[in-house]
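Colleague: Here's a structure for you.
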Amino acid sequence: MKKGAQPLAEVFGHILSDITKDADRYRSRRLCPFNNKVPNCTKDKAENPLGVCSVIHDDALVITCPIRFRENWLITDDAASFFFADGIAWSSLTEVRLNDANGKSAGSIDVVLVAYDDKGKVIDFGALEIQAVYISGNVREPFEYYMKNPKSRFQMDWSDQPNYPRPDYLSSSRKRLAPQLLFKGGILHSWQKKTAVALNKSFFDTLPPLTRIEKSKADIAWLIYDLELTKNQTHYELCLQDIYYTERPVSTTGAEIGNPGSLDMFLLQLHGKLYEVAV
C-alpha cells in the first residue's frame, strides 16, 4: 500500500490490519471499547454507526470521535490534577446540563469532575470539554467498503476516490470549540471554576497562538494527547503529550458570553446526579 493511500486509522477501536477474533467481534457487534454510554458505538447513527475512531492525515493520527478520548478515563485523572489539590476525593459525571440565568440550557458539559468531603457533600467541581476533529469529505464510504471485507481490504487504496476525507481543523475550532469556551466558559468563569479541554496534538497545533502561563494562575488547562502505536504494534493507545495552561479566551463584543445562573442550584444538581449513580 502506498503512503497515504487510505484514511482510516481505527475502526471500532482496532487498527485495520487486526484480524484477531477480538477485533472481528468488535466489528461484527459494532462495539465501542472506549467507555461509551452503552456497549455499542453510537456515532452518527445508533442503528448503523460510523465506527471510525481516528483517521490518518499527513502521517499523523487524528481523533474524530470524542468517545475515543475516554480510553481508561485518563483524561479525568489529568483534569483532576488541574482542578483539585492532591488527596481530594472526586468522581466524574458525563453530559451535565448547564443552565443560564433564565433557566434555559446553555448546553451540556461533556464531563464534570466533582470533589466531595467525607460526608458526601459537593465542595468543588471543574468542567472537562472533549473536542474531536470534524471531517471534510466522505469518511463513511471508505469505512463501509472496508467493513465488507476487513481481512482483504485493510490495505485498500482510496487515494483516487472523490471526497477523500480530511480533518477540518478550522471548522472544529470556529464552529465548536471557540463558542463553547466563550459561552459555557463565561458561566463557569463567573463561578470561578476551571475548565480543561482534551484534544489532539495535531488540532492544538492549528489553534491561534496562546500565551502560556503558570498553572496556579490558569483558567484553562489544554490536555494535549496523541495516539501512539504500542510496542507490540497491535493497537494505538492514548498518550498525554503536554498540559498547556492559559487564561480563558475573551470575546471582543461580549455577545457570546453566557449569562450565569445560580451556582447553588448547579451544586444541588451535581449532588443529585452523584446520588443517582451511587450503587
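The values are calculated or read from the model by the stated rules, or taken from the named source; none is laboratory data. From a predicted model like this one, the values you see are computed outputs, not experimental measurements. Glycine gets a Cβ as well: all are built from the backbone with ideal geometry, and neighbour counts include every protein chain shown.
Colleague: Being of a type in the set (A, V, I, L, M, F, W, C) and at pLDDT below 95 is true for just one of Ile243, Ile187, Ile220, Ile224. Which residue is that? Break it down stepwise before answering.
Modeller: Numbers: Ile243 fails: at pLDDT below 95; Ile220 fails: at pLDDT below 95; Ile224 fails: at pLDDT below 95.
One residue alone meets the criteria, Ile187.
Colleague: Search the stretch 219-232 for residues being exposed (fewer than 15 other Cβ atoms within 10 Å of the Cβ) and not in a strand (DSSP E or B), and hand back the single one that is nearest to the chain's Cα centre (by Cα). First the steps, then the outcome.
Modeller: Step one: filter the stretch 219-232 for residues exposed (fewer than 15 other Cβ atoms within 10 Å of the Cβ), giving 228-232.
Pick out the ones that are also not in a strand (DSSP E or B) and you get 230-232.
Values: Thr230: 21, Lys231: 25, Asn232: 26 Å.
By that ranking, first place goes to Thr230.
Residues checked against (1) crowded, with 17+ Cβ neighbours inside 10 Å; (2) within 21 Å of Asn72 (Cβ to Cβ):
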{"position": "Phe154", "(1), (2)": "yes, no"}
{"position": "Pro162", "(1), (2)": "no, no"}
{"position": "Ser171", "(1), (2)": "no, no"}
{"position": "Ser190", "(1), (2)": "no, no"}
{"position": "Asn200", "(1), (2)": "yes, yes"}
{"position": "Lys217", "(1), (2)": "no, no"}
{"position": "Thr234", "(1), (2)": "no, yes"}
{"position": "Leu238", "(1), (2)": "yes, yes"}
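Colleague: Scan the stretch 182-202 for residues that are in a helix (DSSP H, G or I) and touching a strand residue (DSSP E or B) at 6+ places or on another chain (Cβ under 7 Å) and jot them down.
Modeller: Scanning the stretch 182-202 gives Phe183, Lys184, Gly185, Ile187, Leu188, Ser190, Lys201, Ser202.
Colleague: Could you check, for the stretch 41-64, whether at least one of its residues is of a type in the set (Ser, Thr, Tyr), surrounded by fewer than 19 Cβ atoms within 10 Å (Cβ to Cβ) and closer than 30 Å to Tyr275 by Cβ?
Modeller: The initial filter retains those residues of the stretch 41-64 that are of a type in the set (Ser, Thr, Tyr), namely 42, 54, 64.
Narrowing the set further to residues that are surrounded by fewer than 19 Cβ atoms within 10 Å (Cβ to Cβ) leaves 42.
So of that shortlist, the ones also closer than 30 Å to Tyr275 by Cβ come out as 42.
Checking the stretch 41-64: at least one residue is of a type in the set (Ser, Thr, Tyr), surrounded by fewer than 19 Cβ atoms within 10 Å (Cβ to Cβ) and closer than 30 Å to Tyr275 by Cβ.
Per-residue answers, yes or no, for (1) in contact (Cβ under 8 Å) with a residue 40 or more places away in the chain; (2) aromatic (Phe, Trp, Tyr); (3) closer than 18 Å to Val111 by Cβ:
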{"position": "Glu144", "(1), (2), (3)": "no, no, no"}
{"position": "Met147", "(1), (2), (3)": "yes, no, no"}
{"position": "Pro150", "(1), (2), (3)": "yes, no, no"}
{"position": "Asp157", "(1), (2), (3)": "yes, no, no"}
{"position": "Ser173", "(1), (2), (3)": "no, no, no"}
{"position": "Leu181", "(1), (2), (3)": "yes, no, yes"}
{"position": "Gln192", "(1), (2), (3)": "no, no, no"}
{"position": "Val197", "(1), (2), (3)": "yes, no, yes"}
{"position": "Pro208", "(1), (2), (3)": "no, no, no"}
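Colleague: Moving on to the next point. Would you tally the residues in the stretch 5-39 being over 13 Å from Arg68 (Cα atoms) and touching a Cys at 6+ places or on another chain (Cβ under 6 Å)?
Modeller: Residues in the stretch 5-39 being over 13 Å from Arg68 (Cα atoms) and touching a Cys at 6+ places or on another chain (Cβ under 6 Å): 1 in total.
Colleague: Here is a list: Trp158, Trp90. Which entry is surrounded by fewer than 20 Cβ atoms within 10 Å (Cβ to Cβ) and touching a Leu at 6+ places or on another chain (Cβ under 7 Å)?
Modeller: Values: Trp158 fails: touching a Leu at 6+ places or on another chain (Cβ under 7 Å).
Among Trp158, Trp90, only Trp90 is surrounded by fewer than 20 Cβ atoms within 10 Å (Cβ to Cβ) and touching a Leu at 6+ places or on another chain (Cβ under 7 Å).
Colleague: Output the residues belonging to the stretch 1-44 that are β-branched (Val, Ile, Thr) and touching a His at 6+ places or on another chain (Cβ under 9 Å). Steps first, answer last, please.
Modeller: To start, the set of residues in the stretch 1-44 that are β-branched (Val, Ile, Thr) comprises 11, 15, 19-20, 38, 42.
Ile15, Thr20 - these are the residues of the stretch 1-44 that are β-branched (Val, Ile, Thr) and touching a His at 6+ places or on another chain (Cβ under 9 Å).
Colleague: Quick one: which residue in Ala106, Ala101 is in contact (Cβ under 8 Å) with a residue 60 or more places away in the chain, more than 18 Å from the chain's Cα centre (by Cα), under 30 Å from Ile213 (Cβ atoms) and surrounded by fewer than 19 Cβ atoms within 10 Å (Cβ to Cβ)?
Modeller: Working: Ala106 fails: surrounded by fewer than 19 Cβ atoms within 10 Å (Cβ to Cβ).
Unique residue meeting the criteria: Ala101.
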